[in-house]
Amino acid sequence: MRYPIIWAILLYQRVAPTSLRERCIFKKSCSNYVLEGAREQGAVEAIRRFRERIKRCKPGYTPIDTGAAGHNDLFLLKLSDGSIVEEADLSDRLRNEFGLPSRERAELN
């Protein structure tokens, strides 16, 4: 069962429009996250990861003001399902949207 999932993801990554693939809010895209699970742990893990990401990857995210708690250097994003994503896990597209430095610049600091 692992290989059909891997092949389906690779096909999606090859034929899906870039505009669709680049909408992911996570640093590790949803398809790469699921692909990694399929390759490393098999079909059950891939399906679990897919279900988790589908629940979390919906419009409606909002930044959390951590400055009031004395954490000015911490950026968090609350997703529509209520889960919290740290800055390190955000895609460059979202980092740009919120005026955060790109991952490459952030890693140099």
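Read-outs: derived from the displayed coordinates by stated rules, not from any lab. Note that this is a predicted model, so its numbers are computed, not measured. Ideal geometry is used to build each Cβ from the backbone, glycine not excepted, and the neighbour counts take in all protein chains shown.
For helix 30-41, what angle does its Cα long axis make with the longest principal axis of the chain, in degrees from 0 to 90 and rounded to 10? For 30-41 against the chain, the angle is about 60 degrees. Between the labelled values (1) 52, 35, 23; (2) 42, 26, 24; (3) 48, 25, 25, the entry that holds Cα extents along the principal axes in Å as derived from this structure is (3).
What number comes out for the charge environment of Ile64, summing +1 per Lys or Arg and -1 per Asp or Glu over other residues with Cβ under 13 Å away? Here the charged neighbours net out to -2.
Helix 43-56 axis versus longest C-alpha principal axis of the chain: approximately 40°, rounded to the nearest ten. As a rough footprinting exposure proxy, the listed residues Asp81, Asp73 were ranked by other beta carbons within 10 Å of their own, and the order from fewest upward is Asp73, Asp81.
Our estimate of slack between Glu97 and Glu36, defined as 0.36 nm per intervening residue step minus the Cα-Cα distance, is 19.3 nm. A Förster radius of 41 Å combined with the Cβ-Cβ distance from Arg48 to Asp73 puts the calculated FRET efficiency at roughly 0.80. Placing +1 on the Cβ of every Lys and Arg and -1 on the Cβ of every Asp and Glu, with no other charges, gives the chain a dipole of roughly 600 debye about its Cα centre. Fully extending the segment from Ile6 to Ser80, taken as 0.36 nm per residue of separation minus the present Cα-Cα distance, adds 23.8 nm.
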